[in-house]
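Let me begin by presenting the structure, written as structure tokens, before commenting on it.
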Amino acid sequence: MSKRELAATLLKRSGALALFETLRSKPGILVVNHHRVGDASTTRFDRDVFSASADGFEMQLKYFKRYFPIVAGEELEELVSGKKPLTRTYISITFDDGYINDYCVSYPILKSHNCAGTFFLVPEYVGTHTVPWWDEIAYLVRNSPHSQLDLTVPVPVTISLQGDREDAIRSVLRHYKRPDNHDGEDFMRELREQAGCVVPATGRRFINWQEAHEMKAAGMAIGSHTQTHRILGQMTPEAQEWELRESKKNIEASIAAPVRSIAYPVGIRGAFTPDTERIARSLGYTMCFSFYGGVNTAAHMQSTNLLRMATNRDPLLFRAETVLLSRFGRLPY
């Protein structure tokens with residue numbers, strides 16, 4: 001069976017094709033989310049952030065382009081704000097974190113098909129070798145010589161390492177993302193001690209500003225993913241404001257263009273608060289991306305716009321994982 005036939009079979013079995021066929025004539029926006037496009041088996045870090053192979057992503061893009069308008073940037077903002085009416089289903093493709101894969105793999109594919117995507121960057125990571133918390137967790141848990149981890153931050157938990165290490169990685173990630181984990185560094189210090197191994201040196205892992213500027217000039221949209229990728233719901237309002245303000249300021253200065261969109265790290269309920277939304281609005285963000293899953297229907301967009309416009313609040317966009325994964329719940333990083 002060819003890759004194309006395999007992808008079609010997976011889509012059919014998952015019900016995704018039927019869903020998309022139904023959506024085609026319905027007004028709404030489906031915002032698809034990726035983190036990394038490539039071969040997950042080659043990484044020493046978090047394999048679950050890979051949403052598709054390069055071939056798989058290109059097949060997805062071709063399918064979307066055949067049946068739906070693909071929007072980003074100002075065109076997406078016009079649809080969200082109601083300046084442009086929703087007359088059918090639109091697709092918007094987003095990438096979180098700014099991994100170098102986005103520049104080397106995803107961006108060329110988008111560009112070759114004359115499509116735009118939105119890339120949410122973390123200024124502290126831009127151009128660096130940083131191994132962020134989810135990747136470090138994955139490496140430490142997978143490579144620990146021990147049979148279990150006994151963690152006390154933020155609350156005691158024992159994670160067995162005797163079974164599937166990938167399941168153990170997901171368990172530690174869930175523990176890290178607890179709303180009461182107010183000190184990520186304390187968590188990571190304890191995990192490093194418990195794991196008994198060290199993350200190796202790496203090459204550059206994230207897009208640099210020159211590459212981001214090139215992508216913006218080629219029609220891609222650039223948004224904020226906060227300054228340091230801390231989970232906003234774990235932070236005080238003052239710390240949240242710093243994250244959102246510094247990220248916006250630094251990205252705008254570096255790409256010489258306004259930034260009006262933000263994707264909240266993790267993005268599930270509890271990963272941001274009403275304070276987060278208030279702060280984002282006050283700083284000039286007009287599109288704020290969560291991740292609850294689902295499709296922005298015309299009714300949802302209208303009611304959300306009217307309700308939030310009435311209270312001077314901006315639309316919150318919901319995103320779905322790439323259909324090639326045969327699921328509709330993204331990995332919340």
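The values are calculated or read from the model by the stated rules, or taken from the named source; none is laboratory data. Every value quoted in this text rests on a predicted model; they were computed, and no experiment measured them. Methodologically, a virtual Cβ is constructed for each residue, glycine included, from the backbone with ideal geometry; neighbour enumeration extends over all protein chains shown. Just the protein is used for accessible areas: all its heavy atoms, side chains included, with ligands, DNA and RNA removed. Shrake-Rupley method; radii C 1.70, N 1.55, O 1.52, S 1.80 Å.
Screening GLY196 against (1) of a type outside the set (Val, Ile, Thr); (2) touching a His at 6+ places or on another chain (Cβ under 8 Å); (3) surrounded by fewer than 14 Cβ atoms within 10 Å (Cβ to Cβ); (4) under 19 Å from ASN101 (Cα atoms) leaves a single unmet condition, (4). Take PHE50 and decide whether it is at pLDDT 95 or above, aromatic (Phe, Trp, Tyr), under 18 Å from the mean Cα position of the chain (by Cα) and within 30 Å of TRP134 (Cα to Cα). Criteria not met by PHE50.
Just the residues that are open to solvent by less than 40 Å² (accessible area, probe 1.4 Å), over 22 Å from ILE70 (Cβ atoms) and outside any helix (DSSP H, G or I), please, taken from the stretch 33-50. Selection gives THR43, PHE45, ASP46. Among residues of the stretch 105-133 that are in contact (Cβ under 8 Å) with a residue 40 or more places away in the chain, those with a Cβ under 6 angstrom from a residue that is of a type in the set (Lys, Arg) and assigned to a loop (DSSP other than H, G, I, E, B), sequence gap 6+ or separate chain, pair up as HIS129/ARG204; HIS129/ARG205. In this structure, is LEU110 modelled with pLDDT under 95, among the hydrophobic types (A, V, I, L, M, F, W, C) and farther than 30 Å from LEU173 by Cα? So LEU110 fails the test. Within the stretch 224-251, the residues that satisfy the criterion of being open to solvent by less than 10 Å² (accessible area, probe 1.4 Å) and farther than 23 Å from HIS129 by Cβ are LEU232, GLN240, LEU244. For the stretch 72-106, the set of residues classified as under 12 Å from GLY28 (Cα atoms) and at pLDDT 95 or above is empty.
Answer yes if at least one residue in the stretch 88-95 is more than 25 Å from GLY38 (Cα to Cα) and of a type in the set (D, E, K, R), and no otherwise. Within the stretch 88-95, one or more residues are more than 25 Å from GLY38 (Cα to Cα) and of a type in the set (D, E, K, R). Report yes if GLU241 is within 29 Å of SER112 (Cβ to Cβ) and out of contact with any strand residue (DSSP E or B) (no Cβ under 9 Å at 6 or more places or on another chain), otherwise no. No. Screening the stretch 51-157 for helices (runs of 4 or more DSSP H) wholly inside it with 1 or more residues that are out of contact with any strand residue (DSSP E or B) (no Cβ under 7 Å at 6 or more places or on another chain) and closer than 30 Å to GLU190 by Cβ returns the ranges 133-143. Number of residues in the stretch 275-291 that are over 20 Å from ASN181 (Cβ atoms) and assigned to a helix (DSSP H, G or I) equals 6.
Remark: pairs (first residue in the stretch 37-54, among the acidic types (Asp, Glu); second residue surrounded by fewer than 16 Cβ atoms within 10 Å (Cβ to Cβ); Cβ separation under 8 Å; 6+ apart in sequence or on different chains) = ASP48/ALA40; ASP48/GLU166.
Here ASN208 passes the criteria (1) touching a Gly at 6+ places or on another chain (Cβ under 8 Å); (2) among the polar types (S, T, N, Q); (3) open to solvent by less than 30 Å² (accessible area, probe 1.4 Å) except the one numbered (3). Number of residues in the stretch 230-267 that are within 21 Å of GLU78 (Cβ to Cβ) and small (Gly, Ala, Ser): the value is 3.
Entry remark, the stretch 191-231: residues being hydrophobic (A, V, I, L, M, F, W, C) and under 19 Å from GLY117 (Cβ atoms) number 10 in total. Of the set (1) among the aliphatic types (A, V, I, L, M); (2) free of Cβ contacts under 8 Å to residues at least 24 places away in the same chain; (3) crowded, with 19+ Cβ neighbours inside 10 Å, all apply to ALA221 but (2). Apart from one condition, VAL155 fits all of (1) in contact with a Lys or Arg (Cβ under 8 Å, 6 or more places away or on another chain); (2) more than 24 Å from ALA257 (Cα to Cα); (3) buried (at least 20 other Cβ atoms within 10 Å of the Cβ); (4) not polar (S, T, N, Q); the exception is (3).
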